[in-house]
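Report on one structure; see the data block that follows.
The values are calculated or read from the model by the stated rules, or taken from the named source; none is laboratory data. Owing to the predicted nature of the structure, the values given are computational and were not obtained by experimental measurement. In this analysis, Cβ positions are derived from the backbone assuming ideal geometry, glycine residues included, and neighbour counts consider all displayed protein chains. All accessible areas refer to the heavy atoms of the entire protein, side chains included, with ligands and DNA or RNA removed. Shrake-Rupley method; radii C 1.70, N 1.55, O 1.52, S 1.80 Å.
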Amino acid sequence: MTAPPAFDSLKTKLGEIHDLVKAAALMSWDQQTIMPPRGSESRAQQLGTIGKVAHETFISDEIGQLLDELRPFEESLDRDSFEASLIRVARRDFEKAIRVPPELFAEISREGSRTFGTWVEARANSDYERFRPRLERMVELKQRYVDCYPPPDDPYDTLLDDYEPGMKTSEVRVVFDRLKEALIPLVEAAGSAATPLVTGRFPAEKQRQLSLEIVRRFGFDETAWRLDTAPHPFAQSLGTTDIRITTREPESSLDGLFATMHECGHGLYENGVDPVLERTPLARGASLGLHESQSRLWENLVGRCRPFWSWFYPRLQEAFPRELGSIDEETWFRAINDVRPGLIRIEADEASYNLHIILRFELEQQIMAGLDLRELPDAWNEAMSRYLGIDVPDDARGVLQDVHWSRGGFGYFPTYSLGNVMSVQIWERLRADVDDVDDQISRGEFGAVREWLGEHVYRLGRKYLPAETLERVVGGSIDPEPYLRYLQGKLAVA
Ligand code: ZN
């Protein structure tokens, strides 16, 4: 059946909305990399306007009518086809978006800017009480947002769905309870045998050069990518052949290398989406969790494995002879895989990181269920002590450390750990299919790994919900056991 004119009209409209979304993405990239600080006021206006126009165009009666008109056509199609996938995904997005009054979206966004400003000051002064009234207001708005939808089994489902579409709170709870059971004792045991840190001064421009040497092997190429500096590293795509990744290189460590590999993983996913999906809402990763599975795969499963460093450690030593000349590869390997429970999520190692996430996932549910926010810092500190055995000295390094809640991003945190879990499921599948992965990595060759991921994961873009995407890749649903086996195996030998 040839596509009816309504399909072309829908595709054209969605293409225009996509252009607006990507123009906003470019402005946001600019804001976080090279914009002079005093540009922020006009940038907020510009982003607000573009976001509003894109949203209004999307929730218009015209899109609604086109989607209605296209029902018979959609039913006649193979569900895996581009056309059926585009209609299906657009319909799901549309049915979600029209439930929320545009005024509520605008209010959450305005309140988010204000609350963000207050959060910056409150964190600088470790003054939770200053932040609390704003947070209360934000929680109230998010409760109104949840009320726009038919009552789900769990009110948190609605929030989670914005980041991990289709995933239920109860499913996350099963995965996280298993992680908790295994990781609390593992982190506790590892914490008592901490290896010394590698210290020294590592000039940023040398780190940049090494990062580029690595990511070029991963698939970064100057004709379609850029690498810039940002205070909080992120990846952004303006198209499948315009990938912007960012990093930062504090000179007291080599963490910048891992930040770059992480963002490169996000970039490879966007870069690998089937070009047929370009300029549609399908031209990106399936969810934040799956995106994070790819950044963590390249950062941790590739970038922290033994074969990788048997390839690259001599090069690193050559670049920093004074700092690393007397540190052997084994010591370096232990240092970058050390488990060391700490206060700050973004500085956490691969294993204890998940406990930071589980703490936030549980508190978010309590917050949405009406926890008195005067009690939030105590609830936070109590959980830090129970999960990580750590006393929190002040709220700046406790409940105020993350930006997410100030922007209303409840439901976002779990995707980080879901990504960890899925990354190993995908990695195991890849290793079963690709011969000699370790040998290839130990020669600095990553083409076969990238191609397998491209073929099985990246190409699909956002055609399917994350659970279906994972099912297609690994032949099953989300399962924490491969991830736990990986961590336990690694930490037993590290
Ligand atoms: Zn990431």
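Criterion applied to A54, A3 was being in a loop (DSSP other than H, G, I, E, B) and modelled with pLDDT of 90 or more, and the one residue passing it is A3.
In the range 238-286, the qualifying residues are those that are of a type in the set (G, A, S) and open to solvent by 10 Å² or more (accessible area, probe 1.4 Å), and the one that is farthest from the ligand (Cβ to nearest atom) is S252.
The residue that is surrounded by the most Cβ atoms within 10 Å (Cβ to Cβ), among those in the range 124-158 that are charged (D, E, K, R) and at pLDDT below 95, is D154. Within the range 318-351, being open to solvent by 50 Å² or more (accessible area, probe 1.4 Å) and not small (G, A, S) holds for E318, P321, R322, D328, E329, E330, T331, R334, R340, I346, E347. Does S477 satisfy being within 30 Å of D127 (Cα to Cα), away from the ligand (no atom under 16 Å from the Cβ) and within 21 Å of the chain's Cα centre (by Cα)? Against the criterion (within 30 Å of D127 (Cα to Cα), away from the ligand (no atom under 16 Å from the Cβ) and within 21 Å of the chain's Cα centre (by Cα)), S477 does not qualify.
Residues in the range 411-435 that are touching a helix residue (DSSP H, G or I) at 6+ places or on another chain (Cβ under 7 Å), away from the ligand (no atom under 14 Å from the Cβ) and open to solvent by 30 Å² or more (accessible area, probe 1.4 Å): E428, R429, R431, D433. The single condition among (1) more than 16 Å from the ligand (Cβ to nearest atom); (2) open to solvent by 60 Å² or more (accessible area, probe 1.4 Å) that L210 does not meet is (2).
For S406, state whether it is within 16 Å of the ligand (Cβ to nearest atom) and either more than 19 Å from L373 (Cα to Cα) or of a type in the set (G, A, S) (or both).
no
Conditions (1) more than 28 Å from Y149 (Cβ to Cβ); (2) open to solvent by 40 Å² or more (accessible area, probe 1.4 Å), marked per residue:
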{"residue": "P37", "(1), (2)": "yes, yes"}
{"residue": "T57", "(1), (2)": "no, no"}
{"residue": "Q65", "(1), (2)": "no, yes"}
{"residue": "S76", "(1), (2)": "yes, yes"}
{"residue": "S109", "(1), (2)": "no, yes"}
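Check whether at least one residue in the range 474-492 is at pLDDT 95 or above and touching a Ser or Thr at 6+ places or on another chain (Cβ under 7 Å), and report yes or no. No, the conditions are met nowhere in the range 474-492. Residues of the range 372-384 include none that is touching a residue at least 12 places away in the same chain (Cβ under 8 Å), closer than 30 Å to G265 by Cβ and not in a helix (DSSP H, G or I). State whether one or more residues within the range 310-328 are modelled with pLDDT of 95 or more and among the hydroxyl-bearing types (S, T, Y). The answer is yes, given that some residue of the range 310-328 is modelled with pLDDT of 95 or more and among the hydroxyl-bearing types (S, T, Y).
Test E171 against the criterion of being within 30 Å of L104 (Cβ to Cβ) and away from the ligand (no atom under 16 Å from the Cβ), and give yes or no. When the stated conditions are applied, E171 passes them.
Of all residue pairs spaced 6 or more apart or on separate chains, those with beta-carbon atoms under 7 Å, a first member in the range 253-264 that is more than 13 Å from R304 (Cα to Cα) and a second member that is within 11 Å of the ligand (Cβ to nearest atom) and part of a loop (DSSP other than H, G, I, E, B) are E263/P233; E263/F234. Of all residues in the range 291-309 being open to solvent by 10 Å² or more (accessible area, probe 1.4 Å) and outside any helix (DSSP H, G or I), which is farthest from the ligand (Cβ to nearest atom)? Filtering first and then ranking leaves C305.
The one condition from (1) in a helix (DSSP H, G or I); (2) under 20 Å from the mean Cα position of the chain (by Cα) that Y412 does not meet is (1). Taking only the range 159-181 into account, find how many residues are among the acidic types (D, E) and open to solvent by 70 Å² or more (accessible area, probe 1.4 Å). Of the residues in the range 159-181, 3 are among the acidic types (D, E) and open to solvent by 70 Å² or more (accessible area, probe 1.4 Å).
Within the range 215-237, being more than 15 Å from the ligand (Cβ to nearest atom), aliphatic (A, V, I, L, M) and closer than 20 Å to G303 by Cβ holds for one residue alone: L227.
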